[in-house]
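Heads up, the thing below is written out as structure tokens.
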Amino acid sequence: MKNLIIILLTLSFSLVQNIPAFAAFSIYSVSDSHPRYQQLSPAFIGLGSAFEVGGLIWSGVAPDHLRHWEAIKYCRDVIGGGARLPTQRDYLMLSHALGSRDPIHDDYEGYSSGTLPEMTKKVFWSATAHPDIQGGAFHFNGSTGSVSRGSIGFKRSIRCVR
């Protein structure tokens, strides 16, 4: 029986970039009989432990490291079922939900990578291109909770969201 981890959040809204601020969250394991679990594609489920944050279901980690454009295509075409690569905003929300005090202003104190499986020692692509750097896009450091930029030519880890 596969499990889906649900993170329940109490939301309030921040005026900065419309990133939700989180007052509290809890993690619950949900069996494959959960209604949202049934909506996921077999490929999404096949990536392993999934979890929910702020209405998004996050996949497990893909087995291969991919370049930015390959990662976008992987989530959309290989995983399918409405999956996509998370945005910079999605990762800021995840960082905050995992304890970062204020990831919008680079304050990652309190972040806990051990809360979710397969976060440490991994850097994940986001779908968000960097507006000022040609050939650059944002990525998420699973060990520190930080969101920064890098060259789209580097191979990074992948999580998809739905």
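Please enumerate the residues belonging to the stretch 105-122 that are surrounded by fewer than 17 Cβ atoms within 10 Å (Cβ to Cβ) and closer than 20 Å to Phe138 by Cβ.
Passing the criteria: His105, Asp106, Asp107, Glu118, Thr120, Lys121.
Among the residues that make up the stretch 79-92, is at least one of them under 18 Å from Phe154 (Cα atoms) and of a type in the set (A, V, I, L, M)?
yes
Quick one: in the stretch 148-162, of everything that is in contact with a Gly (Cβ under 8 Å, 6 or more places away or on another chain) and hydroxyl-bearing (Ser, Thr, Tyr), which residue is surrounded by the most Cβ atoms within 10 Å (Cβ to Cβ)?
Filtering the stretch 148-162 for residues in contact with a Gly (Cβ under 8 Å, 6 or more places away or on another chain) gives 149-153, 156-157, 159, 162.
Still in the running and hydroxyl-bearing (Ser, Thr, Tyr): 151, 157.
Numbers: Ser151: 13, Ser157: 21.
Selected residue: Ser157.
Of the residues Tyr37, Tyr91, Tyr74, which is hydroxyl-bearing (Ser, Thr, Tyr), surrounded by 18 or more Cβ atoms within 10 Å (Cβ to Cβ) and free of Cβ contacts under 8 Å to residues at least 40 places away in the same chain?
On the way: Tyr91 fails: free of Cβ contacts under 8 Å to residues at least 40 places away in the same chain; Tyr74 fails: free of Cβ contacts under 8 Å to residues at least 40 places away in the same chain.
Answer to the selection: Tyr37.
Does the stretch 99-108 include one or more residues that are at pLDDT 95 or above and farther than 19 Å from Ala50 by Cα? Explain how you work it out, then say what you get.
Of the residues in the stretch 99-108, the ones at pLDDT 95 or above are none.
So far as the stretch 99-108 goes, no, none of its residues is at pLDDT 95 or above and farther than 19 Å from Ala50 by Cα.
Kindly provide the set of residues from the stretch 81-118 that are under 13 Å from the mean Cα position of the chain (by Cα), within 12 Å of Ser146 (Cα to Cα) and hydrophobic (A, V, I, L, M, F, W, C), ordered by number.
Within the stretch 81-118, Leu92, Met93, Leu94, Leu98 meet the criteria.
Considering only residues that are assigned to a strand (DSSP E or B) and either among the β-branched types (Val, Ile, Thr) or in contact (Cβ under 8 Å) with a residue 24 or more places away in the chain (or both), which ones fall in the stretch 151-162?
Arg156, Ser157, Val161
The values are calculated or read from the model by the stated rules, or taken from the named source; none is laboratory data. All values reported here derive from a predicted model rather than from experimental measurement. In this analysis, Cβ positions are derived from the backbone assuming ideal geometry, glycine residues included, and neighbour counts consider all displayed protein chains.
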